[in-house]
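Reading through the structure tokens given below for one structure.
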Amino acid sequence: MEKKNIDWGSLGFGYVKTDKRYVMNFKNGAWDEGGLIEDDMVTISECAGVLQYAQTAFEGLKAYTTEDGRTVTFRPDLNAERLDQSCRRLEMPVLPEGTFLKAVDEVVKANWAYVPPYGSGATLYIRPYMFGSSPVIGVKPAEEYQFRMFATPVGPYFKGGAKPITIKVSDFDRAAPKGTGHIKGGLNYAMSLHAIVTAHNEGFDENMYLDAATRTKVEETGGANFLFVTKDGKVVTPQSDTILPSITRRSLVYVAQHYLGLTVEERPVYFEEVKDFAECGLCGTAAVISPVGKVVDHGKEICFPSGMEKMGPVTQKLYETLTGIQMGRIEAPEGWIREIQ
Ligand code: PLP
Ligand code: COI
């Protein structure tokens, strides 16, 4: 099989339809066999749970071509685990054991021609999701569900790639205490749309959300966790029950400690402290590590010493080590890389 004739280097973070997707249906209390199909269209009731009450959750992970030409995914078992947690919180059924990983393998294999080549700067983004497909009009969970997984080749999430971005402290809240901030429900993203459009209209790349209860602590952005570096080279990352437990962040904490010998603090981070950090970055599957050069709080600018031209040195090392592991240049910890055979 040949790779598709795509200008990989100029891909942004957008949707490109690929050949096959995985579909599995839940009906009468049981999942069907599931399998790959070609049809990219979804047909559901006009009154489906997802359409009326946003009963849906999703995941995001990537497939990479390694330096030696293998096709791999990065810690997909953790995405499977997190989807289970999201489904439970949204009263949706969980997938049968092993289905998620099987579907990832099948989707990547079936769309191998779209997995960007090594060194192209692009990757194959995999989007698993589940939604209530049967009619509900009273507020309650649907009785039928569909699980789907498609893949699309993507470039950098932020237009400038590795160029530092500017973010604003949002006046909107992302997640309530005891709410749904810790799961990957579509509802969290729907309610962030007005905030991100507002930020973009004001010339910012992203929002920094503070904790809704006290508005004194740093939470996350609309699609990534924060990493900070102190002036003495420690890595600091916010710990909170109302942020998404990022797989990239958990991996970077390990990389910082075990590959780079850095001290890591996972703890509540007060907004007051932000002005004292040397570096700031956003981490996530889509964001990888995107450096932040400036945070603006109602006109007051916090400019990190790492500047607006390039990543800070510690962020750069974290980036190189993580992507080195993902692309097979650096040996991965046991169980982090799943090769697609
Ligand atoms: N936070 C939010 C709100 C996200 O949407 C994402 C993306 O999945 C992340 C953090 C990063 O998580 P991960 O590293 O698992 O992709
Ligand atoms: C991801 O990183 O996979 C996400 O789901 C974040 C989203 C903003 C694209």
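The values are calculated or read from the model by the stated rules, or taken from the named source; none is laboratory data. Values in this document were obtained by computation on a predicted structure and should not be read as measured data. Quick reminder, even Gly has a Cβ in these numbers, built from the backbone with ideal geometry, and neighbours come from all protein chains shown. Accessible surface areas use protein heavy atoms only, side chains included; no ligands, DNA or RNA. Shrake-Rupley method; radii C 1.70, N 1.55, O 1.52, S 1.80 Å.
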Inset, instruction - Leaving ligands, DNA and RNA out of it, report the carbon-plus-sulfur percent of the accessible area of segment 165-326 at a 1.4 Å probe. - result: 54 percent
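If you add up the charges near Ile196, with Lys and Arg at +1 and Asp and Glu at -1, over every other residue whose beta carbon is less than 10 angstrom from its beta carbon, what do you get?
-2
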Inset, instruction - Obtain the nm distance between the two label points defined at Arg127 and Glu331 by a simple spin-label model: each point lies 7 Å from its Cα along the Cα-to-C-beta direction. - result: 3.8 nm
Legend entry - Point-charge dipole on Cβ atoms (K/R +1, D/E -1) for segment 165-326, about Cα centre, debye to 20: 280 debye
Inset, instruction - For each pair in Lys4/Lys62; Lys62/Lys275; Lys27/Lys62; Lys234/Lys317; Lys3/Lys310, compute the distance between the two Cα atoms and list the pairs where it is over 22 Å. - result: Lys62/Lys275; Lys27/Lys62; Lys3/Lys310
Inset, instruction - Could you tally the net charge around Phe74, taking each other residue with its Cβ under 9 Å from the Cβ of Phe74, Lys/Arg +1 and Asp/Glu -1? - result: +3
Legend entry - Cα-based Kirkwood hydrodynamic radius, segment 165-326, one decimal, Å: 15.7 Å
Inset, instruction - For the chain, count all C-alpha to C-alpha pairs, find those more than 35 Å apart, and express that count as a whole percent of the total. - result: 22 percent
Inset, instruction - Round to the nearest 0.05 the FRET efficiency obtained for Ala176 and Ile137 when R0 = 25 Å and r is the Cβ-Cβ distance. - result: 0.45
Inset, instruction - Would you list which aspartates and glutamates come within 20 Å of Lys163, measuring only between C-alpha atoms, while excluding same-chain residues fewer than 8 positions from it? - result: Glu202, Asp205, Glu206, Glu220, Glu279, Glu301, Glu309, Glu320
Legend entry - Cα-Cα separations in segment 8-154 greater than 19 Å, expressed as whole percent: 53 percent
Legend entry - Volume per residue of the C-alpha convex hull in segment 225-277, rounded to whole Å³: 66 Å³
Inset, instruction - Rounded to the nearest 500, what is the 222 nm mean residue ellipticity of the chain from helices alone, with -39500 (n - 2.57) per DSSP H run of 4+ residues and division by all residues? - result: -5500 deg cm²/dmol
Legend entry - Positive-end extreme of charge dipole, segment 3-42 - chosen from Trp8, Asn25, Ile37 (charges on Cβ): Trp8
Legend entry - Average accessible surface area per residue within the chain, 1.4 Å rolling probe, Å²: 46 Å²
Inset, instruction - Convert each backbone phi in segment 2-8 into a coupling constant with the Karplus relation 6.51 cos²θ - 1.76 cosθ + 1.60 (shift: θ = phi - 60°), then list the ³J(HN,Hα) values in order as whole Hz, x for Gly and Pro. - result: 9, 6, 5, 7, 10, 7, 3
Legend entry - the chain - charge dipole about Cα centre, Lys and Arg +1 at Cβ, Asp and Glu -1, debye rounded to 20: 280 debye
Legend entry - At R0 = 41 Å, FRET efficiency that the Cβ-Cβ distance of Gln341 and Glu91 yields, to 0.05: 0.70
